[in-house]
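Single-structure report; data block below.
The values are calculated or read from the model by the stated rules, or taken from the named source; none is laboratory data. Keep in mind that this is a model prediction, so the values were computed, not measured. Positions of Cβ are backbone-derived with ideal geometry, glycine not excepted, and every protein chain shown enters the neighbour counts. In case anyone asks, the SASA skips ligands and DNA or RNA and just uses the protein heavy atoms, side chains included. Shrake-Rupley method; radii C 1.70, N 1.55, O 1.52, S 1.80 Å.
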Amino acid sequence: MNKYRKWAAMVAMTVVPLTLAACSNDQNATVNPNKLKPSYSAQGSSDSKANQGTLKLAEVNNSPFAGISSPTLSTNAEDSDVFSPGGEQPGSVNSLFKTDSDYKIIDGGMANQRIDRNRQTVTITLRKNAKWSNGSPVTAKDIEYPYEIIANPNTKSQQYSSDFENIKGMADYHAGTAKTISGIEMPEGENGKKVVIHVDRVTPSMQYAGNSFIWGSVEPYAYIKDVPIDKLTSAPQIRKKPIFTGPYKLDSMVQGESTSWSPNKYYYGKQAKIKHINIQVVSSNNIAAALKAKKYDFTLGGLGASNYPDVSKLKDYKITGNPGNSYNYFGFNLGHMDPKTNQQVTDPNMKMSNKKLRQAMMYAIDVNTPAKKFGHGLTARGNTLIPPIFKDVHDKNIKGYNFDQKKAEKLLDEAGYKKKGKWRTQPNGKPLEINFGVMQSSKTVEATMDSYVQNWRKIGLNVKYAGGKPMEMNSFYEALQAPKQDKMDIYAASWSVGSEPTPTQLYGADAAYNMGHFSTPENTKLLNSLNNEQSWNKNYRKQQYSKWQRYMNDQAAYVPETYRTDWVPVNSKLKNYNSDAANNQFWSNLEFTK
C-alpha cells in the first residue's frame, strides 16, 4: 500500500528457469489471483492475553534496510515497510489522507482536502487532535515543510519533478532565487491547522493519494528544524529517534535489521490493541522455513512466486492478496544528469543509444514462458510501464516485447551490429561489451537473470554482469543514482509506483528517479498531457496515457519485465487483517484470537 514512488528489491520476478531444479514437491501449485482477497479475519473472540504480546512481522528482503524514516527523504520501499506502524497502513508513513479502495481521497483521515477548480487552489485542513508521538501537535508548517525539503536546491530527496512546479513559486524556490514558496499559504499561521496551496491548474490526479502534484504526508518541523536540509538523511531525528503520527511509536531499532514498536497514546484515531510489534528483515531464501517454524504472523515487502508452493501448504496461515502496484523493468544507460540544471541529458554517443539495439535486446529474452510455467499464477510478463492495477489507463492491447530472437537478430543486422566471430561488433567495427547490472536476490531471480544473459549471448551480444556478479541492493541503487555512471549499460530493477499512475516522477526530464537519463521533447509533451486541462475528460486522459505507453515501448529506454500479484500469508489466529486501501486503521484493527 505504498502511496509513493520508491525503488524496490527484485522480488516480484521470482520465476524459475527451465533448467533449475525444483525446490518443492509441489512446484505446479498455482493460484487464480482473481480469487485472492485482501482480507482475513479469524473466527472467535479476542484473546486479551495474546494481545499483550508481540505481533511478529517479516520484512522480506535480501539486504539491510537503509533506515531513513522520513517519507520525503526515503527512496526505497523497504524503509516504508519497516516504519509503517508509525502510519495507518503498511508501506505508508505519516500520511495526511484517508482513501477509498481506489486510493481516491475522502474525508476522515488526519486531514481533509478540498480542490477548487475555479480558484485553482487545494486546501488541506488538519483535524484538531492530530499529534506526533512525542505529544506535540501536527501543524500547518508540518504540511508545508515537506515541499521545502523536496525542492531545496541542496536536498537529498529524490521526489522532485516538474509536476511540483505547478505550485506557484515552487520553481523559484527550487532554483534558489526565492527563500520561500509563495504559493503555499498558512492562513492561521505556522501553528494553525490549515494550508492553502495555489496552483497554476488543478489536475485530475490531485484527487488521489500519492499523486505527483500534492505531497501526502507531513514532516515534524519543530523536531527537525535545526538540522540543515542537506544533513537530514543522517540526522538522529530521522535515523535513530524519529517520531510519527500513527497508532504506534518507535521503541528501538537495530540499524538495517529490525524495528520495535508500542502503542502511541497521542494517536488521534483508534488505539491499537496489540501491545508490541517487531519487524525483522528476513531473506527471500529463508522466509519459507521461517514461516514453517511459525516465527512470523505475516510478511511485509515482497514474497516471490517461488515461495508460493511451500508457503501455501502451511496450515497455520491463510493466503491473502491484491493486484500489485509494482513492476520489474529493464533500464538502459543513455546519458547523465546535469548537476547544474538537474535535467536529464540523453547523449546520442552512449553505447546503448541505438534504439534498434535496445529493442533487439528486449525481443531476445524469454520472459513469458518461465513466468507462466513457474509463476504459479502470481507473475506475468509486463506489456507497458503502467501496471494493470491502474485499469482505467493501462493499455492491455499493447503487445510489448514477445520473445522473438529472429526479429532481434534482424534488428541488430539492420542497425549494423554485425557478427565478427562469436560476438557482434558496434556499427563502427569496434568490440561491443554490454555490462548488465542486477541486484543480489533469491536463487531463482539470480538464475533467471542468468538465463537472460544466455539469451543475449545466443544472438551474439557479449553481455556480462556489471562487476562480475549481482550487486548488493543499496550499492546497486547508489551507483545508479549517481549523476553519471559507466558501470551499467543495462540494468534490471523494480518500482513500487505508488497509488496514482502519473509517471512524471519516474520518467520526467527532471526526475531524479529517471536513472537511465532518458529525455526527449516528445516524452515531456506526452507526460504534460496526462494532467492538462483537457485531462479532466476521462476519454482524453485514457487516450493520452495510451499514447505515452506506446511511445515508451517504441523507444525501449525502459521496458517492463513482469507484473505481480502481491500475496501475504497471515497467521490463522489473527483477526481483522485487511490490506485494502480503504482500511485507514490497518494497525489499530489487528488483534489475536483464542
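Summary of computed values
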item	result
Whole-Å semi-axes of the ellipsoid equivalent to the stretch 324-566 (Cα gyration tensor, √5λ, descending)	27, 21, 18
Net charge, L314 excluded, C-beta distance under 11 Å - Lys, Arg +1, Asp, Glu -1	+3
Spacing of the two label points (7 Å from each Cα toward its C-beta) at K419 and K547, in nm	4.2
Projected-area average for the stretch 169-237 over all orientations - Cα convex hull basis, square nanometres	5.9
Proximal charge balance of G135 [Cβ under 13 Å; K/R count +1, D/E count -1]	+3
Cut-off under 5 Å, modelled amide H: who pairs with Q440 long-range	M471, E472, M473
Accessible solvent surface per residue of the chain, calculated while the other protein chains remain in place, 1.4 angstrom probe, Å²	39
Beta bridge orientation in the chain: antiparallel %, DSSP, nearest 5	80
Rounded to the nearest 10 Å², the accessible area of T444 at probe 1.4 Å	10
Apportionment of accessible area to carbon and sulfur, the chain, percent (1.4 Å)	47
Gained length - N397 relative to Q481, 0.36 nm times residue gap less alpha-carbon distance	26.9 nm
Hz values of 3J(HN,Hα) by residue in the stretch 288-298 - Karplus curve (6.51, -1.76, 1.60), Gly and Pro given as x	4, 5, 5, 5, 4, 7, 6, 7, 9, 8, 6
Sequence-separation-based contact order of the chain, relative, with Cα cut under 8 Å and 6+ spacing, percent	27
Principal axis dimensions, largest first and in whole angstrom, of the chain by Cα	72, 61, 44
Test item: Cα-centred dipole of the chain, Lys/Arg +1 and Asp/Glu -1 on Cβ, debye	1220
Whole-Hz couplings from phi, Karplus 6.51/-1.76/1.60, listed for the stretch 53-58; x for Gly and Pro	x, 10, 7, 9, 10, 10
